[in-house]
Amino acid sequence: MSEVRRRLAGAERLVVKVGSSALTTAGSGLDVERLDSLVDAVVGRVRRGTQIVLVSSGAIGAGLAPLSISARPRDLATQQAAASVGQLALAHAYAESFGRYALTVGQVLLTSDDVVRRAHYRNAQRTFSRLLTLGAVPVVNENDTVATEEIRFGDNDRLASLVAHLIGAEGLILLSDVDALYDGDPRAGGTRRIAEVRSESDLAGLAVGRSSSGLGTGGMMSKVAAARTAAAAGIPALIASAGEAPCALGDAAVGTAFTHAATRMSARRFWLGYAAGSHGRLHLDDGAVAAVVGRRRSLLAAGVTGVDGDFQAGDVVDLVDPSQAVVARGVVAYDVTELPDLIGRSTRDLPPDQRREVVHADDLAPLPH
């Protein structure tokens with residue numbers, strides 16, 4: 001067994017994410033039998049002494065059948081209505097299922113603000129910590145009933161990776177209707193399962209698509225992105241089928257494992273790199289990219305070739321290389337209106353009150369390509 005799988009098998013705190021397709025069907029709504037099977041696997045791991053936070057999709061899917069809706073709606077108002085009905089059904093089902101083992105569940109509904117805004121982030125940390133200390137199993141979902149952009153563009157895979165870092169998890173397990181990452185569409189045949197992703201080169205040339213069920217917002221692309229986010233932050237990750245949950249939560253000998261970075265990313269750098277919203281872009285030349293990413297230096301005006309967006313000093317911005325790839329994120333020290341007169345100029349040629357870094361090294365988070 002590989003080191004990353006041993007770490008997942010021995011983790012004392014895990015985030016487990018389950019997708020809509022693993023819990024619901026378009027015609028019948030919530031599948032209680034599938035949910036019970038998932039809970040059985042989670043409880044098995046809890047009884048081994050592991051604290052688990054369960055990130056569960058399925059609220060919208062669970063609300064379709066009670067509202068006589070045959071397929072996932074496209075308009076926001078109907079999605080929110082379905083979430084309103086389904087969230088209640090989903091929470092009740094989890095309470096009943098965990099109740100078979102005398103375990104208490106706590107519902108935690110989050111929006112992106114709760115992990116993007118640092119004050120909210122710390123409050124969420126305290127809530128999770130207390131729930132776990134009291135022996136409860138937190139069940140997390142996006143607050144789809146009131147969310148707007150989150151429903152259209154967000155997904156619970158990303159939420160799960162953010163929660164994993166927020167609670168100090170030692171592993172992230174992503175469960176869905178797909179059993180692993182493949183080098184092509186597994187439905188077409190002749191494809192190879194990728195057992196382990198050790199570096200970005202293992203993902204080169206892969207085409208990953210969306211969910212085939214039509215019920216979820218994510219797909220393999222969002223799962224790979226979430227696993228990469230966790231791994232880059234020092235958290236091992238696993239993509240597996242919900243049907244193999246007992247093994248995934250046991251010896252982790254199934255699915256695709258993602259090797260984690262050697263050191264865990266600090267809370268501030270993780271927030272900068274993956275949680276905070278970006279307000280614009282700074283375009284860098286090759287020398288600046290080498291300094292910022294390779295040598296972890298501050299970004300100076302001389303290395304900036306252009307700016308996009310509408311930001312003020314103190315906002316988070318993306319730093320992009322000449323090929324337009326985002327290589328880092330950071331807190332900018334200037335308003336967008338100030339930078340055009342400064343870009344490309346040496347620090348010594350600037351007025352004394354503007355001889356500061358565009359983005360200081362302490363406020364930078366380099367990102368993997």
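Answer yes if at least one residue in segment 65-78 is more than 26 Å from V137 (Cβ to Cβ), of a type outside the set (A, V, I, L, M, F, W, C) and touching a residue at least 40 places away in the same chain (Cβ under 8 Å), and no otherwise. Yes, segment 65-78 contains at least one residue that is more than 26 Å from V137 (Cβ to Cβ), of a type outside the set (A, V, I, L, M, F, W, C) and touching a residue at least 40 places away in the same chain (Cβ under 8 Å).
Does A102 satisfy being outside any strand (DSSP E or B), out of contact with any Cys (no Cβ under 9 Å at 6 or more places or on another chain), under 24 Å from R158 (Cβ atoms) and not charged (D, E, K, R)? Even if it seems obvious, please write down each step before you answer.
Numbers: outside any strand (DSSP E or B): yes; out of contact with any Cys (no Cβ under 9 Å at 6 or more places or on another chain): yes; under 24 Å from R158 (Cβ atoms): no; not charged (D, E, K, R): yes.
Taking the combined requirement at face value, the residue does not satisfy it.
Cβ-Cβ distances below 7 Å connect the following pairs, each with a first residue in segment 45-60 that is under 27 Å from G29 (Cβ atoms) and in the same structural domain as Q107 (by TED's automatic domain parsing), a second residue that is modelled with pLDDT under 95 and in a loop (DSSP other than H, G, I, E, B), and a separation of six or more residues or different chains: V53/I167; S57/G19; S57/G216; G58/L23; A59/D144; I60/R72; I60/D144. The sole residue among V254, V307 that is among the β-branched types (V, I, T) and either touching a Gly at 6+ places or on another chain (Cβ under 8 Å) or not assigned by TED's automatic domain parsing to the domain that holds R192 (or both) is V307.
One residue stands out among those in segment 5-34 that are over 18 Å from A160 (Cα atoms) and of a type in the set (A, V, I, L, M, F, W, C): the one that is surrounded by the most Cβ atoms within 10 Å (Cβ to Cβ), which is L30.
Residues in segment 236-272 that are under 30 Å from R122 (Cβ atoms), buried (at least 23 other Cβ atoms within 10 Å of the Cβ) and of a type in the set (G, A, S): A237 only. When segment 286-336 is filtered for residues that are surrounded by fewer than 16 Cβ atoms within 10 Å (Cβ to Cβ) and assigned to a loop (DSSP other than H, G, I, E, B), the ones remaining, listed by number, are R295, R296, D310, Q312, A313, G314, P322, S323, Q324, A325, D335.
In this structure, P66 does satisfy being assigned to a loop (DSSP other than H, G, I, E, B) and either in contact with a strand residue (DSSP E or B) (Cβ under 8 Å, 6 or more places away or on another chain) or modelled with pLDDT of 90 or more (or both). From the list V15, V39, the lone residue that is under 18 Å from L110 (Cβ atoms) and in contact with a helix residue (DSSP H, G or I) (Cβ under 6 Å, 6 or more places away or on another chain) is V15.
On the given criteria, is L30 in contact with a strand residue (DSSP E or B) (Cβ under 8 Å, 6 or more places away or on another chain) and closer than 16 Å to V139 by Cβ? When the stated conditions are applied, L30 passes them. Considering only residues that are in contact with a helix residue (DSSP H, G or I) (Cβ under 7 Å, 6 or more places away or on another chain) and in a helix (DSSP H, G or I), look in segment 44-63 and name the one that is farthest from A169 (Cα to Cα). Out of the qualifying residues, it is G63.
The values are calculated or read from the model by the stated rules, or taken from the named source; none is laboratory data. The model shown is predicted, which means the values in this text are computed figures rather than measured ones. When we count neighbours, we look across all protein chains shown, and the Cβ atoms used for this are built from the backbone with ideal geometry, even at glycine.
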